[in-house]
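The values are calculated or read from the model by the stated rules, or taken from the named source; none is laboratory data. All values reported here derive from a predicted model rather than from experimental measurement. Positions of Cβ are backbone-derived with ideal geometry, glycine not excepted, and every protein chain shown enters the neighbour counts. Note: areas computed on protein heavy atoms with side chains; ligands, DNA, RNA excluded. Shrake-Rupley method; radii C 1.70, N 1.55, O 1.52, S 1.80 Å.
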Amino acid sequence: MISSLKYIFPIESARPLTEDEIRRELETADRNGAENLFWSDGRNGLIVVLYRGGPEKEIASGFLIRLLSDVQDIDLIFGDNFCQVFNDDITIIPAQEKHSEVWMTLKQSQFSRAIAKFSSFDTNPMIKWLQIAENSTHLQYENKPFTFCMLVAKKKECIQQTLQDNFMPFSNVVPFEKGIMEEKWIRGSMSGHAVGIAGYGKDGDIFGMFTLPESSLNEEEIETNTLLAPHEDLIPLIARMPPKTFIMLTSENGSIYIVLPKRTLFHKTQGKWHYVNYANIHTTLSDFIEKHIALSVLRLVLDLSYERKGTLIFIPENEELLDEIIPDYCQNEKVNETLRSTVKGLNVCHKIHRKIIMAAAKVDGAVVISKNGDVLDVSCMIGEPDEIRLNEHGLKNLEVLPGARSTAAWNASIYGIAIKVSDDGPITIYKHGKLITYVG
């Protein structure tokens, strides 16, 4: 259970609770109807409760989970949904070791069933759609990975009214599985984020194509939907999502994304589903830099994560100390001098600048951004902080983490905040030598 919840919450630690402790939490905590997972103000953590099967719910076990960062109510609702699915499975198969094959089959679909339970769609069709999407990530068209963006609704009219002139109906409805897995013309027409397909009903039959709408959003709408879109191109479409719909998206690197109108996002990468709430990262960054700058930094990070481009973003507290952490910062001759001098001074809040910064971020080395959003350096190596800087944060020794980028992020964080994007998508944030949150 705890290992599964790490794909939903940024967990710092977990410990078992006694039955008496669990009962007290069930009686005193403001659970908002949740039975399996809820927040405890008294313990400043999550309470997870599992029950034995039978007509009367008998407490089987429970845990107190400490988190690295705050979560929102919507996160708790999905967490409770997932725990309900998990609890139902252990009720069906209480002896997992004895029936390991059946248990593993159930475990592999737990996240998918929780997503379905959380959505407005029936479980069986939803699981089937997700399975077809996963199978499609192995397909190609003209030696390129097949990707698609699909908007699914319960009724045709919902999509037609939402997309209006951007929607073009097919002359014949195409069954979802046949269209995705067999129709090469669908594979050929789906490239990038320019065109999507629309499906409806319990079977998800494909009944038309659409062009992604252009952005006509105000600043507040852009902020709201930026925090949900895995890629910037999808913001206008996500902003138009009506209730009882969802967007299913596959990327060239084999990832699958599910976006629900409840302002929640699910991401499958490396064979694992993750619940993602980018708003929590934005909140964490906004404690360090201004909100609108944090939003632009986050947009840069999310697009890099979507494209599976590993990088390190470093935001220093004191720019005067950069020569301590970047060995060649003050030298006349630098590695990649032309790139570094060209990108220096660009601002991450400027959309065109951000595209150039993103290109520079794909080169080895860190991207250093000021608290005002200005680029201070790119493609630079991060050195090791000295003993004086470590002592300022109560640290005695350098930390060596798995992977050079992780170690560089930790080193940089002694001087401010460091955001590491892994090659396979996960995002990790360090500050003053401590892991403060992660997604994926």
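Taking 12 Å as the straight-line reach from the Cα of Lys144, the aspartates and glutamates in range (excluding those fewer than 8 positions away in the same chain) are Glu252. Rounded to the nearest 500, the helix-only mean residue ellipticity at 222 nm of the chain stands at -10500 deg cm²/dmol, with each DSSP H run of n ≥ 4 adding -39,500 (n - 2.57). If you take the charge dipole of the chain about its Cα centre, with +1 on Lys and Arg Cβ and -1 on Asp and Glu Cβ, which of Ala60, Gly254, Gly373 is farthest toward its positive end? The one lying farthest along the dipole's positive direction is Gly254. Rolling a 1.4 Å probe over the protein heavy atoms of the chain, with every protein chain left in place, gives an accessible area that is 47 percent carbon and sulfur. Which of the lysines could a cross-linker bridge to Lys156, judged by Cα under 16 Å and excluding same-chain residues fewer than eight apart? Of all the lysines, those that pass the test against Lys156 - Cα under 16 Å, at least 8 places apart if same chain - are Lys202, Lys244. Of the peptides 326-332, 272-278, 137-143, the ranking by mean beta-carbon count within 10 Å, highest at the top, reads 272-278, 326-332, 137-143.
Taking all Cα pairs closer than 8 Å and separated by 6 or more residues, the relative contact order of the stretch 1-152 comes to 18 percent. Only the Cβ atoms of Lys and Arg (+1) and of Asp and Glu (-1) were treated as charged; on that basis the dipole of the chain about its Cα centre amounts to roughly 1140 debye. With R₀ fixed at 56 Å, the C-beta to C-beta distance from Arg23 to Asp287 puts the FRET efficiency at about 0.95.
Here the extension length gained between Met381 and Gln331 equals 16.7 nm, from 0.36 nm per residue of separation less the Cα-Cα distance.
Relative contact order of the chain: 11 percent, from C-alpha pairs under 8 Å at least 6 residues apart in sequence.
For Lys344, the aspartates and glutamates whose Cα comes closer than 19 Å to its Cα, not counting residues fewer than 8 places off in the same chain, are Glu317, Glu319, Glu320, Asp323, Glu324, Asp328, Glu333, Asp364, Asp374, Asp377. Solvent exposure of the chain, expressed per residue, is 47 Å² of accessible area, with all protein chains present and a 1.4 angstrom probe. Report, in debye and to the nearest 20, how large the dipole of the stretch 240-343 comes out about its Cα centre when Lys and Arg carry +1 and Asp and Glu carry -1 on their Cβ. That gives the stretch 240-343 a dipole magnitude of about 1220 debye.
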